[in-house]
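Beneath this line is the structure, given in structure tokens, with notes to follow.
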Amino acid sequence: MDNVHDKRALGSRIRSKRAERGISQRQLALMTGTSRSYLWKIETGTADVGIDVLIRIAQALDVKVRDLIDF
């Protein structure tokens, strides 16, 4: 099953929410315990994201996980 579109949609939503809050990739990476390069891969839809990381991203952005995976 090809999930490239869904991964890109997730990354786009994360990037959008991060930008709305004025948070840099580096800041979000520090807030979530990930690297900036991994976060970049998530935002471009080229990395798989585990639920633990997704939860930490949602918490850092002060949104619900479902707001990020609405597809």
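The values are calculated or read from the model by the stated rules, or taken from the named source; none is laboratory data. Computed from a predicted model, the values in this text were never measured in an experiment. Virtual Cβ from ideal backbone geometry, glycine too; neighbours counted across all protein chains shown. For the accessible areas, the whole protein counts, side chains as well, though only heavy atoms, and no ligand, DNA or RNA atoms are used. Shrake-Rupley method; radii C 1.70, N 1.55, O 1.52, S 1.80 Å.
So here's what we get for this one:
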{"quantity": "Helices (runs of 4 or more DSSP H) contained entirely in segment 1-54, each with at least 2 residues that are open to solvent by less than 60 Å² (accessible area, probe 1.4 Å) and in contact with a Gly (Cβ under 7 Å, 6 or more places away or on another chain)", "calculated": "4-20, 36-44"}
{"quantity": "Hits in segment 2-32 - residues which are small (Gly, Ala, Ser) and over 18 Å from GLN59 (Cβ atoms)", "calculated": "ALA9, SER12"}
{"quantity": "Subset of segment 27-50 (residues that are among the acidic types (Asp, Glu) and free of Cβ contacts under 8 Å to residues at least 40 places away in the same chain)", "calculated": "GLU43"}
{"quantity": "All positions within segment 55-71 that are charged (D, E, K, R), closer than 14 Å to ASP6 by Cα and in a helix (DSSP H, G or I)", "calculated": "ARG66, ASP67"}
{"quantity": "Among the residues listed as ILE57, ILE69, the single one being open to solvent by 40 Å² or more (accessible area, probe 1.4 Å) and β-branched (Val, Ile, Thr)", "calculated": "ILE69"}
